[in-house]
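What follows is a set of notes on a single structure, which appears directly below.
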């Protein structure tokens, strides 16, 4: 299974899965999804959009609280903004396949870290477990005024 380019025909599946897990993700409509895809350095999908991942170069001009926090702690990283694995894609290796493809992409682009955040409030225990089991280590925690609390994770790709 090889992740592929996201096309507009995949949007309905991505939006359905995002809505299902919106308590751990931010809301998306079709316009937001198109913008997310266009500004991402990495945007791939599996199973006709049932699983999708979006990531940015940490040195890009994309400004967001998570990128700002990570940029204060890391150099040359690829920030995983969002991974969505719909119920029909869970347990089929979609997450691991997307992360493997992302790692290849990041190495080719010269990044030395993959980085992401996982909610601690509301807590997302499955994502914490997944990241720990795939070589990520905790980098730090942050609490934001909007009530969101996260743990940042990093995985070193090269020395």
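A short reminder: the numbers here are calculations on the coordinates, not readings from a lab. Keep in mind that this is a model prediction, so the values were computed, not measured.
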### Summary
Comparing 82, 63, 107 in a Gaussian network model of the chain (Cα, 10 Å), the one with the largest mean-square fluctuation is 63
### Per-selection Kirkwood Rh - the range 4-156 (Cα, Å, 1 d.p.)
15.6
### Query
Given the options 71, 100, 88, which has the most mean-square fluctuation in a GNM of the chain, springs set between C-alpha atoms less than 10 angstrom apart?
88
### Message
Can you compute the helix-only [θ] at 222 nm over the chain? Use -39500 (n - 2.57) per DSSP H run of at least 4 residues, normalise by all residues, nearest 500 deg cm²/dmol.
### Response
-9500 deg cm²/dmol
### Task
Calculate the length of the line joining the C-alpha centroid of the range 111-151 to that of the range 49-109, in whole Å.
12
### Summary
Counting all Cα-Cα pairs in the range 70-159, those more than 15 Å apart amount in percent to 61
